1. Confirm whether S207 is of a type in the set (S, T, N, Q), within 27 Å of L340 (Cα to Cα) and buried (at least 21 other Cβ atoms within 10 Å of the Cβ).
2. Looking at (1) buried (at least 20 other Cβ atoms within 10 Å of the Cβ); (2) among the aromatic types (F, W, Y); (3) in contact with a helix residue (DSSP H, G or I) (Cβ under 6 Å, 6 or more places away or on another chain), find the lone condition where F2 falls short.
3. Which condition breaks for D157 when tested against (1) within 16 Å of the chain's Cα centre (by Cα); (2) closer than 25 Å to I7 by Cα; (3) not small (G, A, S)?
4. Could you say whether any residue in region 237-250 is small (G, A, S) and in a loop (DSSP other than H, G, I, E, B)?
5. Can you list the helices (runs of 4 or more DSSP H) found entirely within region 347-434 that contain at least 2 residues being of a type in the set (S, T, N, Q) and surrounded by 15 or more Cβ atoms within 10 Å (Cβ to Cβ)?
6. S175: modelled with pLDDT under 95, polar (S, T, N, Q) and surrounded by 21 or more Cβ atoms within 10 Å (Cβ to Cβ), yes or no?
7. Scan region 435-453 for residues that are closer than 26 Å to S191 by Cα and not in a helix (DSSP H, G or I) and report the count.
8. If you go through region 341-356 one residue at a time, do you hit one that is closer than 21 Å to T186 by Cβ, outside the structural domain of N286 (by TED's automatic domain parsing) and without any contact (Cβ under 8 Å) to a residue 40 or more places away in the chain?
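The values are calculated or read from the model by the stated rules, or taken from the named source; none is laboratory data. Nothing here was measured: the structure is a model prediction, and the numbers come from that model. All Cβ positions, glycine included, derive from the backbone under ideal geometry; neighbour counts span all protein chains shown.
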Amino acid sequence: MFRVNEIIKATDGLLIQGNLQDKLTGISTDSRGLNPGEAFLALRGSNFDGHNFISAALRSKASCVIAEKTTGLVIPKGKALIQVKNTTLALGDIARFQRQKFNLPVIAVTGSSGKTTTKEMIARVLSADGRVLKNEGTKNNQIGLPQTLIKLEKRDDFAVVEIGTNHFGEVDYLSGIARPNIGVITNIGPSHLEFLKNTKGVFKEKSGLLNNLAAPAIALLNADDGYLRPLVKQKRKGLHIFSYGIDEKSDFSASLIRLEAGKARFKINGKFDFALSTLGRYNVYNALPAIAVGRILGLDYRKIASRLAGFKFPKGRLNLVIFKGIRFIDDTYNSNPLSLRRSLEALKAMKCKGRKILIMGDMLELGSQKESLHRQIAGSITNTCDLLVTSGDLARLTGIEAGRRGLKSSNIFCCATAVEARDLLFKKIFPGPDDLVLVKGSRGMKMEEVFKV
């Protein structure tokens, strides 16, 4: 719930028409899903302009319009019109204003991989102790994160948000809106290199989260990550650092990890037993921040273990599925060199009487290193897979390099699209029930098409 004067205050906007004390039931950027009484904020993107849908929003009973261009707009009497310089920034300003209204723990998660799963695990743990607001799916950018925080209500006990980035300054901007009390950095790897250039750039960008933590300003860092480890030992005034890991000494340490019957079992600090329904050892890393956050906020280990035992991993993230009678590992949501290596580790650890097959799509947004990184990953593939199917021009380079490293040319197939890869799999390779197929690729490669009839 907002009043018009709050929107004016938050955005430094100009009231063109309407009443400062008028009530708004919420903020919407979609004229199609707008509820009566909400304000319509006209976002402008590279492929759309929300100003073209103001009339539709008014027909949907929007009670207020927030826009950059107001000349010539005809707004019915009794409805408000607010002019702002930039509607995208105004969305962030309103979210920042809304977040500041509430004194509740806000947890933010960033990193090169595992963000969404870690965010979902933290939310799952905290929901044992109250109502949790979280990003839906991966709405973690300058639109999605503000849209989430704008929904904060008095009945919420916690907020857990994921912060994504592909340009310098985005983590700093978004964490400045969220002002999290606890900040989690999962890892640093080669992702979004088109604009972040290299892993040093990724580290610089992700660590910006620590600059915007609100009291008590707790940082949760992966001590096993080479870039984050020095931060664990760093002393910074007003910042409380906790670490987690498997290999390095840490505050929340996992040990005795074993994979059996589709579960990862492990102990925390040598005492407390945990189990996850997962194929991958690396998901222990995603669970550790959830355990740490739960403990920091007062939950006992037994309750946390119970919540994580029932956790269902998000779709497309290392899910074992049966499709056309064949066992698949569906890891289609996204891909970068770090996450692909982790998926290959999971594939290697799984028992399989038949062939281990990888259907690999391009890893996107790797900038000038895209070709070299696609060639480098071939070593991990030849050590794990019996057969490789590539989808896309960059993955084709992986296939060529895998051949040079010893994978038989008769076991390498290069395709242009995921649909072509699917057809080749079922019409030429003919996998059987003893085989195991991993499907992995960047979001833009639409690797989920492999599972469509």
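1. Numbers: of a type in the set (S, T, N, Q): yes; within 27 Å of L340 (Cα to Cα): yes; buried (at least 21 other Cβ atoms within 10 Å of the Cβ): no.
It is false that S207 is of a type in the set (S, T, N, Q), within 27 Å of L340 (Cα to Cα) and buried (at least 21 other Cβ atoms within 10 Å of the Cβ).
2. (3)
3. Among (1) within 16 Å of the chain's Cα centre (by Cα); (2) closer than 25 Å to I7 by Cα; (3) not small (G, A, S), D157 violates only (1).
4. The initial filter retains those residues of region 237-250 that are small (G, A, S), namely 238, 243, 245, 250.
Subsequent filtering for residues that are in a loop (DSSP other than H, G, I, E, B) retains 238, 250.
Yes, that holds for at least one residue.
5. Working: elements: 370-376, 378-382, 393-404, 418-424.
Because the criterion is at least 2 residues that are of a type in the set (S, T, N, Q) and surrounded by 15 or more Cβ atoms within 10 Å (Cβ to Cβ), the helices (runs of 4 or more DSSP H) in region 347-434 that meet it are 378-382.
6. Considered against the rule, which asks whether it is modelled with pLDDT under 95, polar (S, T, N, Q) and surrounded by 21 or more Cβ atoms within 10 Å (Cβ to Cβ), S175 comes out as no.
7. Number satisfying all stated conditions: 7.
8. Yes, there is a match, as at least one residue in region 341-356 is closer than 21 Å to T186 by Cβ, outside the structural domain of N286 (by TED's automatic domain parsing) and without any contact (Cβ under 8 Å) to a residue 40 or more places away in the chain.
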